[in-house]
Amino acid sequence: MNTLLATHGLTGGYGDFQALFGVDLEVREGEVVALIGANGAGKSTLLKTVTGLLPARADQVTWRGEPIGGARAERIVGLGLALVPEGRRLFSSLSVEENLLLGAQANRTRARKWHLDSVYALFPILKEKRRQPSTSLSGGQQQMVAIGRALMSNPRLLMCDELSLGLAPIVVREIYDALPALVEDGMSVLIVEQDVQLARRVSQRFYCLQEGRVSLSGASASASDADIANAYFGVAA
Amino acid sequence: MDAVRPRFEVRRATRASRIASLVLIALAVVVASMPFWAGRDALRDFIEIASYFVFAMMWNLLAGYGGMVSIGQQAYFGLGGYLMLALANFAGLSPFVCVPIAAVLTAIIAVPVSRIAFRLSGGYFAVGTWVIAEVFRLGIANISALGGGSGTSLTGLGDIARSTRESITLWLALAIVVLATALVYRFLRSKAGLALTAIRDDAVAASSQGVHVAGTRLVVYLCAAAGAGLAGALYFVGNLRISPDAAFSVNWTAFAIFIVMIGGLGTLEGPIVGTLLFYVLNKFLSDYGTLYLIGLGLLAIVVTLFFPQGLWGYVSRRFGLQFFPVGRRLVMLEPGAPNDASAQVPLQPALQPISQPTSPPTSQSPSQSSPLPRTR
Amino acid sequence: ASGRTIKIGYVSPQTGPLAPFGEADRFTIQQMQTVLKNGIRVGGAMLPVSIIVKDSQSTPNRAGEVASDLILREKVDIVLVSGTPETANPVSDVCELNEVPCISTVVPWQPWFFGRKGDPKKGFKFTYHFFWGLEDVIGVYTGMWQSVTTDKVVGGLFPNDGDGNAWGDAKLGFPPVLASKGFTLKDTGRFQSMTQDFSSQISAFKQVNADIITGVVIPPDAKNFLVQARQQGLKPKVVSIGKALLFPSTLEALGDLGEGLSTEVWWTPMHPFKSSVTGQTARALADDYEKTTGKQWTQPIGFAHALFEIAVDTLKRTKDIDSNTSIRDALAATKLDTVVGNVAWGTGPVPNVAKTPLVGGQWVKGQKTRFDLAIVNNQLAPSIPVSGPLKLLS
Amino acid sequence: MTALLSLRDVSKRYGALTVTDHISFSVSEGETLGILGPNGAGKTTLFNLISGDTRADSGTVEFDGREIGALAPYARCIAGIGRSYQVPRPFGNMTVFENLLVAATHGAQHSEDDAYALCVDVLEHTGLRAKANRHAGSLTLLDRKRLELARALATRPRLLLLDEIAGGLTEAETHTLVAEIRRVKQQGVTIVWIEHVVHALLALADRLLVINFGKHLAEGAPDAVMNDPEVRRVYLGLEAAA
Amino acid sequence: MTFVDIIVQGVLLGALYGLFAMGQSLVFGVMRMTNTAHGDFIVLLVFGLVALTGYAHLPLALAIALLLVIAFGFGFALQYIVLNRVAVRDPLPSLIVTFGLSIVIQNVLQQIFSADPRSIATGGFESASVSFGALTLGYLPLVTLLVTIALTFAMQWLFGKTGLGRAFRATSDDRDIVRLMGISHRRTFALAMAIAFVLIGVAATLYAMRTAVSPSDGPALLLYAFEAVIIGGMGSFWGTFAGGICLGIAQQIGFHIDPGWGIWLGHVVFLAVLVARPQGLMPRTR
Ligand SMILES: Nc1ncnc2c1ncn2[C@@H]1O[C@H](COP(=O)(O)OP(=O)(O)OP(=O)(O)O)[C@@H](O)[C@H]1O
Ligand SMILES: Nc1ncnc2c1ncn2[C@@H]1O[C@H](COP(=O)(O)OP(=O)(O)OP(=O)(O)O)[C@@H](O)[C@H]1O
Ligand SMILES: [Mg+2]
Ligand SMILES: [Mg+2]
């Protein structure tokens, strides 16, 4: 399995506020990696930096070995990297369907496993509301649109920030059940998840961030809860 | 409550502010004595500065604090002027007496107007208010008793001795400046001022926290109208001749916007700094006509693009200066209490996107609480 | 008061919509500065003169403000102002209030006098005006119209501004005179300048089929009206309009529509007058202007020049240069032959107003320039030669 | 125990979609009611109807024995209804402390000086004290949610409406949160709590209400409701108790 | 003036207002930018055309074509370099910058062209007309009407049906996230402004044929454009068209009652519509 995305000593933050201190992380083809950590640990910041929404040094982020750090977001996503941002961030003046269609805009080249129908198949409720303004959807429904929108670009790497946030268990279940299917056809997934158990169950490997540093990483199956709790809060909780 | 209450204090005044208040009082005294030592031109300059300043400050109250960005304040400037003039010319009152009366009447007229204006928000509000001003301009232009489109002159002052007239006008101007500033300052420090900022950030959330949004907005709008009326009445007492195009010219608001933006939006110091600067420019460069105006326009653009917080905003962030602090800082007193005065964000917020006065209640768009940095 | 500089303040609209009225200023000022470079002799002493020019930017407020500047900061001895009520009235008001002598012109005297709420019995203390009046323009226009055969039905275009309100005034303006002279006036009412659309006026004029169109409108309105009139099939025989048709530049903008339009004429190179300071004839002055600026002559040249003639003459006759009243007295006593004719106060219709002659002109195809202004009516000023009769519009 | 809040036959439609479909329930003084339901079931809308952010098409909302359906949101807040938003809506340009101050001076109608003490108390209990002078705009998601709770508390509510404040919290954080809410409950505040994090809800709720497609699905004692096969199928997606 | 005549003239006048408003509808409706320089942009392009025909002595057709190209480029650059920095929901920054622009444009034009009004010579076309019985209609107003209708069709299609239109709206909603869709918000906005300027160019051309324009005329045009957009409703070009027509008819009726109150009545009708339907007659985006 060759490496898709990797960060090397990634630093980043907001203006003079530094949130990341030398993070090393890698995602290989077709694997599911979980990124866990307490609130404010820097998970979202990491994702934003990788996708080019926040500045970085070129060599700090590589895509298949190519340095892409600090490149424009609109370029990076063209490479086949999609982000489901924290808090959905749908386009309020577009209908649900238009939101999804826009997602397809990022990709012009790659195979089209994901298109409107397949997304509607994954989230049937969206089909009913396809014509509605996305603002009129419930929190959960909006999350579905956000995911669908990301899928529409048929990314090689799907990055999800706080997927299960505000989702009913049944929906969370549906989504995570869909994961293996996604990975099957070679798509890698990097998920930020607060529910550690869930995160470990669906992922092969995990990284735990603590105050902007990787405090623990490894195979999801092997790590002990004690270690993780420790990595989470610095001291054993 | 069960928990032992920690000791704390809430800091509002700063050292600078205490000094400033003294300085200002001294200044007022100096100005008051001007008729006895200063030249006639100085007197007139002050009167003009005063009306520009009061008008700008009121626009700042409306837009900078109230989040109601209007391009239509000239409506009240003009009304103030015309009401003063009409009272003086027809009712034969002394123009000086007419000034405050005109302001009150202006506010009264603003009540029904607000009902229309408040149907709008954001850009709509801005343009809508402008149109309303036009309605007043065209309306008055069709009243031949007021000279119609050609306007008319203030006759009441002819028979007052020149020096008396000038000193009284000056004192009137001074009184207006001091009063207006004091009132606005007190208002902003009050819990109503607190509500105002909250509304500006998120009206829906504010109302669910018990803030009477519509009420607060109305109060601000009326204050601003009255203030603009004062400024207008004062200006035309000094200028003697009024015409609809001049009185209701959008340039008044344009100048107010420049003044406030250059000085610093959403600060009380801003308009002061802005007015002085604007006035100096106007005095010494305005003879360059077009070139001067081109320069003014460019200045406004540059400042907005590169110093969105305005000159004062820039200074006060740089040196943490504040002459009129309205913010509150909580300071924990018992030792060891985490007191992140170190992690201070400056009390004075930079000019950030003012959330539009009303946003749909169930809108889940996290626009105003987005963790993503806004690209500038 | 020996050796101090005499200061003359000058206000006119050099920028903004009224700028054509100020077009000639730069030329005039330069000319005067050279003429007065070794000063004016006042009461035996030769005093240097400085001219301070301010731009009203075509707004009344600005006009008032700069006038105050001139008086309070520059401490000028006398103020000169020219060009439309929007400029002259506020400046005059400020001068009156600050007790500084002021000479104004290029405003028919009624809008100036009554527009400032003047009282014919009292008059003003410090402000003096010279120009023609509505009675003249009415006389000239009706004269022109009577010289041709029409149905004597007149359509009136009076905007809601200083001039429009005066021209259309039921007592002072066109209506009464036209009635008395057997014309029927169709006045649809005061309209806002910058109106996009005149179809209501046009159809009104069509209904009464007016052969004559008159009014005093700003250039864009004139163009709008004339174009739409032709569009909508209104075919007047005579179009006599003030203000808009004064300046060659606006005629250019009108294109073919411009030919044959008529207007009032306050000054031309043909006027048989001489300057009291340079000795130039009207013709010489106009040629000088065209040579220096490369532009076609315009009517304000003469009056801008005359303002200074009067100012210089007044100052020369002043007894105590440091007393406003003394200057004022000298001004009031003026009797001077200027390049726009004789100016003398006291003989006018109301106090503080002196009248200059007015004739009627028509724009005809020119040799050097696209249009030339030909004088077609001089019944009020026979001394000014006419170059032919008024021709009807084709 | 008397009913503090009671909805009778309340309905709300958006266009063709009926979001709240003849819902009736009541909450008695001091009780804690948990509301469950799939996404889009109409839970937040229910809150909007109670807090006045949206008006019901039909039915009555009574608070403390009086009909409040016509009252504006601010009036309802002053009457004693405090709410938090599912997607936090802080006053971004104000400090955390000032955020609370708004609630305390207007919602709770305190004079500013009395308000200070109240706000400090709330800051203490919601773990926001260290961030008191931060601009709310620069808080993380968690702190924003904390602020939502704190602000609601600062209005001195008799009825507290919580919309998914435990979402996105870690185990440990959830525990502290539950503890805090329990403390509020013990002060006799009536609570209605929407939460997808079921176990957090179960820790406190006296009673559960489950809605689906705006309709009343189940109501009653927590474990009873959680074992209701219908609920398990619709909401948890489990087949009948396994 | 017959009722029919009033309505017909009102529609023709309204078409002009609608045309003024098209560009604004794009800018205001899509970027949510309060552009107070719109009127001055029109005037600017008028003088651009004057320069091309009067000074460069190009044939009219060529000049117009060239003008539209220049307009496109200028609009793109203006947005990309300057206005993008202020294209946020908060109306204030854009409002001030455009205010500034408006003043700069007016005075620069005055500096270069003096305050004299200018217009485009069309060899009498502007005053040619056809008559249907009682009422005679000018060709120019009729052409204006047709052009406006055509542009409305085009814009509605572009905005509602094409990917570009989708991108426009999405960008106006959330300029960060749209980048995650591979769209550069700066480019999108610049493109929108470029198109807006082409529309302005068309308006300027027809306007310059109709009347003499002087550098200070901008603000007067701005309000009509704004009113048409707002009456019609954000982001709906048919709405804008309808808005223009409403305005035209209202003013025409006003003129008929008393020329002094025509424009006034137009404004009042505008306010009335706002009070009755703040979202406009046919809003598309909110
Ligand atoms: N827009 C912002 N401006 C300034 N600082 C920010 C901003 N967003 C986040 N931060 C800071 O960056 C740090 C990391 O935030 P981030 O959102 O990456 O954490 P997180 O792991 O995603 O937490 P959560 O689980 O709450 O999403 C936090 O300390 C936060 O205060
Ligand atoms: N303003 C609105 N216009 C149209 N439909 C709306 C509006 N607000 C909510 N809805 C619809 O009402 C339904 C319920 O929304 P609501 O936010 O109450 O769901 P919820 O139970 O809170 O879901 P979640 O648990 O995901 O937050 C959803 O289907 C949503 O699409
Ligand atoms: Mg995060
Ligand atoms: Mg919800």
Fill in the blank from the handout: Expressed in angstrom and rounded, the centroid-to-centroid distance over alpha carbons for the stretch B:47-71 and the stretch B:210-271 is 4
Exercise for the section: Per residue of the stretch B:144-154, in order, report the coupling 6.51 cos²θ - 1.76 cosθ + 1.60 (Karplus, θ = phi - 60°) as ³J(HN,Hα) in whole Hz, putting x for Gly and Pro. Expected result: 5, 4, 9, x, x, x, 7, x, 8, 10, 7
Practice task
Restricting things to alpha carbons, tell me how big the stretch B:28-253 is in terms of Rg and Dmax, in Å.
Solution key: 18.0, 58
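Can you give me the relative contact order of the stretch B:28-253 as a percent, contacts being Cα pairs under 8 Å and 6 or more apart?
44
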Completion exercise
Note on the protein assembly as shown: alpha-carbon gyration tensor, axes a ≥ b ≥ c; rule is a/c under 1.5 for rounded, else prolate if a/b larger than b/c, else oblate; result prolate
Handout entry: Residue-by-residue Karplus 3J(HN,Hα) for the stretch C:115-125, coefficients 6.51, -1.76, 1.60, Hz, glycine and proline x
Key = x, 9, 6, x, 10, x, 6, 7, x, 10, 8
Exercise for the section: Report ³J(HN,Hα) in whole Hz for each residue of the stretch B:247-253, in order, from the Karplus equation J = 6.51 cos²θ - 1.76 cosθ + 1.60 where θ = phi - 60°; Gly and Pro get x. Expected result: 6, 9, 5, 5, 4, 4, 5
Problem - A:R205 long-range amide H proximity, modeled H, under 5 Å - result: A:V32, A:A34, A:S220
Practice task
Just tell me which lysines come within less than 27 Å, Cα to Cα, of C:K121; anything on the same chain fewer than 8 places away is out.
Solution key: C:K171, C:K335, C:K355
Fill in the blank from the handout: quick note, chain D, DSSP beta bridge pairs, % antiparallel (nearest 5) is 55
Fill in the blank from the handout: Neighbour-count ranking for C:R62, D:R158 (other C-beta within 10 angstrom, fewest to most) reads D:R158, C:R62
Completion exercise
For D:I35, the residues 5 or more places away or on another chain with a placed amide H closer than 5 Å to its own amide H are D:W193, D:I194, D:E195, D:L209
Handout entry: For the stretch C:234-303 versus the stretch D:22-101, the gap between their alpha-carbon centres in whole angstrom
Key = 76
Problem - Under 20 Å from the Cα of A:K127 - lysines, other chains or at least 8 residues apart - result: A:K113, E:K161
Exercise for the section: Between B:L333 and C:S193, take the C-beta separation as r, use R0 = 60 Å, and let me know the FRET efficiency to the nearest 0.05. Expected result: 0.30
Practice task
Evaluate the distance, in nm, between pseudo-label points positioned 7 Å from the Cα of C:T149 and of B:E9 along their respective Cα→Cβ axes.
Solution key: 10.2
Problem - Computed over chain C: relative contact order in percent, which uses C-alpha pairs under 8 Å that are six or more apart - result: 16
Exercise for the section: Give the Rg (one decimal place) followed by the Dmax (whole number) of the stretch C:282-361, computed from C-alpha coordinates and expressed in Å. Expected result: 15.0, 44
Handout entry: Alpha-carbon centroids, the stretch E:86-151 and the stretch E:50-80: separation in whole Å
Key = 14
Completion exercise
Surrounding charge for C:P385, neighbours by C-beta under 15 angstrom, Lys/Arg +1, Asp/Glu -1, total 0
Practice task
At q = 0.09, 0.10, 0.15 Å⁻¹, work out log10 I(q)/I(0) for chain A with the Debye formula, treating every Cα as an identical point scatterer and leaving solvent out; two decimals please.
Solution key: -0.35, -0.44, -1.02
Problem - Residue among D:L118, D:L141, D:F97 farthest towards the positive dipole end of the stretch D:89-142, charges placed on Cβ - result: D:L141
Practice task
Mind checking the full-extension length gain between D:A224 and D:R13? Use 0.36 nm per residue of separation minus the Cα-Cα distance, one decimal, nm.
Solution key: 72.9 nm
Exercise for the section: Sticking to Cα atoms, compute the Rg of the stretch D:89-142 to one decimal and its Dmax as the biggest Cα-Cα distance, whole number, in Å. Expected result: 10.6, 31
Completion exercise
Amide H contacts under 5 Å for C:S12, restricted to residues at least 5 apart in sequence or on another chain and with H modeled in the peptide plane, are C:K54, C:S56
Handout entry: Qualifying lysines (Cα of each under 27 Å from Cα of C:K291; at least 8 residues distant if same chain)
Key = C:K37, C:K54, C:K243, C:K274, C:K365, C:K368
Practice task
Work out the length of the dipole vector of the stretch B:28-253 about its Cα centre, built from +1 on the beta-carbon of each Lys and Arg and -1 on the beta-carbon of each Asp and Glu, and round it to the nearest 20 debye.
Solution key: 340
Handout entry: Cβ-based exposure ranking for C:S56, A:S217, C:S82, in which fewest neighbours within 10 Å come first
Key = A:S217, C:S82, C:S56
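Based on other C-beta atoms within 10 Å, arrange B:T253, C:T150 from fewest to most.
C:T150, B:T253
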Exercise for the section: Work through the residues other than A:L182 whose Cβ is under 12 Å from its Cβ and net out their charges, Lys, Arg +1 and Asp, Glu -1. Expected result: -2
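Normalised by the residues of chain E, what does the relative contact order come to in percent, with Cα pairs under 8 Å and at least six apart? Don't skip to the end; give the middle numbers.
Details: 485 pairs, mean separation 103.9, N = 286.
36 percent.
Taken together, the values in this text are just the output of simple stated rules run on the coordinates, not laboratory data. Predicted model only: the values in this text are computed from it and were never measured. Using ideal geometry, Cβ is built from the backbone for each residue, glycine included, and neighbour counts are taken over all protein chains shown.
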